1. Taking the Cα centre of chain A as the origin, how large is its charge dipole in debye, to the nearest 20, when only Lys and Arg (+1) and Asp and Glu (-1) carry charge on their Cβ atoms?
2. Whole-Hz ³J(HN,Hα) for each residue in the stretch A:356-371, computed from phi via Karplus 6.51 cos²θ - 1.76 cosθ + 1.60 with θ = phi - 60°, x for glycine and proline: what do you get?
3. Give A:383/A:425; A:254/A:446; B:105/B:222 a once-over and call out the pairs whose C-alpha atoms are over 22 Å from each other.
4. Just to verify a number: FRET efficiency for residue A:172 and residue A:320, C-beta to C-beta distance, R0 = 41 Å, to 0.05?
5. I'd like the orientation of helix A:39-55 relative to chain A: the angle between its Cα long axis and the longest Cα principal axis, in ° from 0 to 90, rounded to 10.
6. Please compute the Cα-Cα pair-distance distribution of the stretch B:72-188 with 5 Å bins starting at 0, giving whole percents from short to long.
7. Please give the Cα centre distance for the stretch B:216-235 versus the stretch A:179-220, rounded to the nearest Å.
8. For the stretch A:303-344, list log₁₀ I(q)/I(0) at each q in 0.22, 0.28, 0.30, 0.33 Å⁻¹, using the Debye formula over Cα point scatterers of equal strength and ignoring solvent, two decimals each.
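Just so you know, all these numbers are worked out from the coordinates, no wet-lab data involved. It should be emphasised that the depicted structure is a prediction, and the values quoted were computed from it without experimental measurement. Note that each Cβ is placed from the backbone with ideal geometry, even for glycine, and that neighbours are counted across all protein chains shown.
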Amino acid sequence: MKPAVLLARPVVRYLLAALIIVLTTGLLRLRHPDLGTALVPLLYLLSVGLCTAFLGLGPGIASAVLAFLAFNYFFLEPFHTMVVYRAEDTAVLLVFLVVAVVISQMVGRAQAGLAASRAREREASLLYELSTALAGLTDAQDIGQVLCEQTRQTLQAERVELEAGSVDAGPRVQAAAPALGASPERPADEVMALQTARGRLGEIRLWLVSAPLAASEARLLYTFASQGALALERAWLAQSEQRAKVLEESDRLKSALLSSVSHELRTPLATIKAAATSLRSGEIAWDSAGGQDLLGAIDDEADHLNRLVGNLLDMSRIESGALRPQRQWNLLSEIVAGVADRMQGLTVDHVLEIDVPEELPLVPVDYVQFEQVFTNLISNGLKYAPPHSTISIRAALDGADTLRVQVSNQGPPVPEQDLARIFDKFYRVTAAERVTGTGLGLSICKGIVEAHGGRIWAENLPQGFAFVFLLPLTWEGAPPPRVPLEGDGG
Amino acid sequence: MTPRPPTETPPESRGAVQRPHVLVIDDEPQIVRALRTILSQNGYQVVSASRGEEGLALAAAAPPDVIILDLGLPDMDGIMVCERLREWTRTPIIVLSVRDADADKVAALDKGADDYLTKPFSADELLARLRVALRHAARWDGSRQESVVIAGPITVDLARHEVRRDGEEVRLTATEFRLLAYLAANANRVLTHRGILSQVWGPDEGDHVEYLRVYIRQLRKKLEPDPERPEFLTTEPGVGYRFHADV
C-alpha cells in the first residue's frame, strides 16, 4: 500500500505520533547534559506541534500527553519516577501540558481548516470536470456512461453501475464502468439515488476497494448523482421536445400531402367517372369515334392514377426508411434503354438523346428503382422544357470508382436559391396549377440515389438545366465484376 | 347487349367444344367480377375462390387448365399456395401482384409459378398470358414438342443447334447458345434471373445476375434488329427476361 493510504488509517497515525515522541525522548536523553533543562520542554513542544501538523488533532493531543509523561519520567527529579519533588517543577509540568494541548488544538484546527478547504477545492474541480464532461452530451446513454466513469475514477471504486429511466423517455439507460465485465457477486457497497425535482430517475451502485466512503467522498458522490440526474433529465426533455417537433413537422407534411394528393387523385378520377358514366348511359355509342376516345381517356387516366399511387408509396417508403434497394450488378445502358423505350409515347414532342456507353462498368443498383429515377428525371424535363427541345442522358466515369450521370434539358434556368430545394417534397418552382404531378418525383429520385450511397443535385447550364448524380461503383467494397466472354464459334 | 363471340380460339389440344377452365384465387370481389366477365366473354369457364385453402380444395376437386392466383390472400401466403399446388400439379399458375411486391413475385416464380401480372393490368395482357400458359402446358403434355422456335426474323433450331437471322446463320458462343436455347424453349414465358442462371450456368451461379446482363446484351447485339430497343429478348424489370416467339 502507498504511504498516503497507510496514513489514512488512524492507528498508523497514532503509532507514528508515539514514535516521534519516543525518538524525541531518545535524542534528548543522549544530548541531555549539553542541553539546558529549560530547552527540554520546548523541544517536546516542537515535536507535539509537528505531530499535530502532520498527523492531525487526535494524534497531536496523544503526543502531548505522552510528551508530558516522558518529560516527567526522564527529565524531572527524581528521575525514572512519575513523582515530582519540586513545586516549580510541578508548575513547569502543568504549564507544559496546557501549552502542548493548546498548541495541538490550534495547529490541528488550522490543519483541519486547510484540509477542508483543500477537499472543497478538489470537490469543486472534480465537479467542474464532471459538468464539463456532461455538458456536450445530449444522449442519455452517453451521460450515464460518463457519469459512471467519472464516479469510478474519483472514488477509486472497483465498479460503478447506473440504471435510470423515465416514463416519457426512450429506452432505459444502463451504464457501467468498466464498461465490460459483470457486477461483483457481493451486494453494492453504496447505492445512491438519482433524484431530481420531478422524482427518482434511477440509481448509481458502487463497489468500493475499501469501504465505507469517507464523509467527504459520500458528499462528492451525492453531488455527482444530483448533477448526473439533472443531465439525464435535460437529455430526456430535449429528446421528447425533438420528438414533438418531428411529429409536428410530419403532421404539417401530411396535411400538405393530403391536400396535394387529393387534388391530384381527383383529376384522373373525374375523367374516368365522366367517361364511364357517359358510355354507360348510352348517349355515346361504344364503337363510335367518341366512344373510343372516352375509353382511351379511361385507360390513360387509370395509368396516371397508378403512377400517382406508386409515387406516394415510394415516398412513404423512403420516409420510413423502408426503401431497401435490391441491388444487383446492372448495365446502366440497359436500364436507360428500357426507360426510353417505355416512355416513347410520352417523349414524341421532345428529342431524347442518350449517351450511355455500354462499355461502362456494371453498376450495383436496384434495376426497378433506377428505372424510376430516370423516368422521373425525364418526366421533369418533359414538363418544363419547351416542345421539340432536346433531353439528354449522359453517363461517364468520374474517377476510378464513381459514375457520373447527367440528365439535362433545355428548360428555363432555376433561380440559384431554389436549386437545392427542388428536391424537397411538394416544392415547386412554378405555380402548382401550371404543372401536374404530386411534387414528389424529384424527392423520390433523391431518396433512391442516396439509398445507393450516391449524391444528386441540380445545376443550371449555359443552355438549359441539368440533374447530376454520382453513384459509387463499388458494392460492399467490391469493384464491378468483369464478365469474361468466350470467343465466337465455341 | 348480346354477348360478343369469343375472340379467342381455345387451345387446339383441348378441342373446340371444351372451354378451358380457369380457377381464379383472389379475395377482392371487384377483381374477381372483372376477371369473370372478361374471361367468360373470351371463351373460358371460370371458377373462383376467395381464400387459399378454398382454392387448393377447388384445384384438387376439379383440376383447372390454368390458375390465376393473387399473392395477397387473407388466410395464407400466395407463395405458399404456389408451393402446395406444385407438389402435385403442373397446371400453369399466373400470379397477380401489386407493384411494390417484386420480391414476392420473384419468389412465386421461383417456386414454380409460370407468369405474373402486376395490378393494374389490361385485359389484353391477361388474355395474352393465359394463351401462353395454356400453350406451354399443352407442350408439357407432350402433344406438341417444337424444336424450331421462330421470333420475327429469328429462327432458333434447338435440335440442330442452329440460329438464323433473316435466313443467315448467326454464330453464337456455347454459352450464348445455351442461354438462347433455354429462353426459346420457354418462349413467351417470364423466366427469373435465378431460374435462367441455374439452368444455363449451373445451380451454384444463381446470384450472378451480371453474367446474364452481359450475355443478354451480346445476344441482343447479334439477334435484335435494334439492340437498344429489343423486341424479342425483353427485360422484365426486377424479375428476369422473356423471349417473344411468334404465336
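1. On the way: 41 positive and 54 negative charges, 606 e Å.
With only Lys, Arg, Asp and Glu charged at Cβ, the dipole is about 2900 debye.
2. 10, x, 6, 6, 4, x, 5, 10, x, 10, 7, 4, 5, 5, 6, 4
3. Details: A:383/A:425 17 Å; A:254/A:446 19 Å; B:105/B:222 31 Å.
Where the Cα-Cα span goes over 22 Å, the pairs concerned are B:105/B:222.
4. Numbers: r = 25 Å, r/R0 = 0.62.
Working from the Cβ atoms, E equals 0.95.
5. That helix lies at roughly 20 degrees to the long axis.
6. 2, 10, 16, 18, 17, 15, 12, 7, 3, 1, 0
7. 74
8. So the normalised log intensities work out to -0.94, -0.91, -0.90, -0.92.
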